[in-house]
Amino acid sequence: MAEEREVRTVVESDVIVVGAGPGGATTAKWLADRGLSVSLLEKSTFPREKVCGDGLTPRATKQLIRLGVDVSEEAGWVHNRGLRTYAGHPTPFEFAWPELEQFPSYGLTRPRSEFDAMLADLAVASGATLYQNTNVAEPILDEASDRIVGVRAKNGAEFRAPITVAADGNSSRLALAMGLEKNRLRPMGVAARAYFRSPRTGDPLIESHLQLWDGVPGKSNLLPGYGWVFPMGDGTVNVGLGTVGSTASSQKLKFRELMWKWLDNTPPEWEFNRDTMIGQISSAALPMSFNRKPAYGRGLVLVGDAGGMVSPFNGEGIPYAMEAADFAADAIADAHARGLGTRSAEKALQGYVSRLEHEWGGYFRLGQIFVALIERPEVMYLCTRYGLPRPTLMKFVMKLLAHLYDTNDGDWMDKTITALTKVVPSA
């Protein structure tokens with residue numbers, strides 16, 4: 001990891017990226033590759049922990065391959081070949097990652113503490129300058145145009161650039177300071193997770209549990225939400241629970257209690273108990289379905305959680321943050337070449353918004369409908385009870401939930417899902 005830099009003067013660059021998570025670090029890397037000077041600001045110091053399932057689907061795997069990352073097992077990655085789903089049936093449904101034109105047929109797992117540091121290193125290797133322990137306090141605005149022209153850190157340092165990228169997560173204090181509030185009518189999820197020492201660490205499949213019980217499965221009460229088990233290959237597993245509501249004003253839940261009610265009734269041989277837990281249960285919000293807009297305006301570009309770029313179908317955010325990073329870098333580099341401050345450059349930057357809506361708008365809208373249907377446990381129970389025994393239907397649903405289908409050419413399932421995303425309005 002690059003050395004922490006202490007800043008005492010004003011730093012000028014082409015672009016400021018606030019937040020060095022997957023979205024911010026990938027944006028900085030792509031911008032540097034396009035020849036722009038980048039100041040990448042991170043409020044903490046690597047390595048650092050983040051609440052995450054640590055599991056990457058083929059959609060995220062594709063982005064790592066595009067970045068030139070060695071994703072082999074020899075390089076420390078744990079490969080998974082699909083998803084096992086438990087829901088309302090004695091036998092789980094196993095969904096092998098499909099062989100598609102657009103995505104690889106395997107996923108990955110790796111701790112976020114290692115993953116984020118690796119991406120930040122990639123950005124630095126491409127030429128971005130990383131400033132750790134640099135917590136942004138406020139935007140610097142041009143009085144005449146009301147555009148953001150830089151940021152001021154809590155340590156007194158100033159960074160100046162004609163374009164600033166907010167990749168500072170769900171709360172995005174920078175976006176808030178620019179007057180961009182969340183749309184509370186969009187879905188919002190919460191995830192909680194913990195690590196356990198478990199013999200399941202080498203499972204070749206990641207796992208989802210669509211029904212959670214507060215006692216003996218099938219003989220007690222259904223809990224809200226879904227669970228996951230992600231084998232880490234190092235003697236541990238990442239076990240978590242997520243809930244999602246169709247709006248941000250969903251009920252307050254006690255996630256630690258919910259997790260233990262579920263885990264206390266999992267098979268003893270899995271060893272998900274208090275004696276095998278490493279650390280503690282941690283939780284974080286999942287902002288979904290473009291819950292903060294616009295993704296560009298007044299010199300500020302939103303990437304990842306800052307712009308609500310989390311799938312309402314499955315709570316996945318990393319691949320969307322990394323894809324948005326690529327889109328944003330394209331638009332910013334194009335605007336820079338056209339001449340920042342010109343009408344043509346603004347058109348290029350607005351193209352980022354249009355591209356996001358084209359790529360994910362219909363899919364996220366379908367996700368909003370999905371969340372509204374299944375947020376009640378009894379509805380999820382009916383769906384899984386009658387859907388799980390039907391392999392063809394389940395394969396269709398899994399492709400939809402995982403966002404893994406070919407949009408150019410594919411089987412009838414791919415074509416049907418693609419058509420559905422085009423007939424609904426953008427989220």
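The values are calculated or read from the model by the stated rules, or taken from the named source; none is laboratory data. Given the structure is predicted, the values throughout are model-derived calculations rather than measurements. So basically every Cβ, Gly included, is an ideal-geometry build from the backbone, and we count neighbours across all protein chains shown. With ligands, DNA and RNA removed, areas are computed over all heavy atoms of the protein, side chains included. Shrake-Rupley method; radii C 1.70, N 1.55, O 1.52, S 1.80 Å.
Annotations
- Each of the peptides 313-325, 351-363 was scored by the mean count of other Cβ atoms within 10 Å over its residues; in descending order, highest first, they stand as 313-325, 351-363.
- Cα gyration tensor shape for the chain, rounded if a/c is under 1.5, else prolate or oblate: prolate
- Accessible area expressed per residue, the chain, with surrounding protein chains retained (probe 1.4 Å, Å²): 42 Å²
- Ellipsoid semi-axes for the range 208-270, based on the Cα gyration tensor and the rule √(5λ), read 22, 16, 9 Å when sorted largest first.
- Under the convention that each Lys and Arg Cβ holds +1 and each Asp and Glu Cβ holds -1, the size of the dipole of the range 1-142 around its Cα centre is about 340 debye.
- Under 30 Å from Lys62, Cα to Cα: lysines that are on another chain or at least 8 residues apart: Lys29, Lys43, Lys50, Lys182, Lys293, Lys347, Lys395, Lys399, Lys415, Lys422
- The range 151-199: C-alpha gyration tensor shape, a/c 1.5 cut-off, then a/b vs b/c: oblate
- Dipole of the chain, positive end: most advanced residue of Leu349, Leu180, Pro162 [Cβ charges, Cα centre]: Leu180
- Length-normalised contact order of the chain in % [C-alpha pairs under 8 Å, at least 6 apart]: 19 percent
- Surface composition of the chain: carbon and sulfur make up 51 percent of the accessible area, probe 1.4 Å.
- Lys, Arg +1 and Asp, Glu -1 on Cβ, resulting dipole of the chain about Cα centre, debye, nearest 20: 1240 debye
- Rg/Rh for the range 1-108 stands at 1.09; both radii use Cα atoms, and Rh follows the Kirkwood definition.
- Counting DSSP beta bridges with both ends in the chain, the antiparallel % (nearest 5): 70 percent
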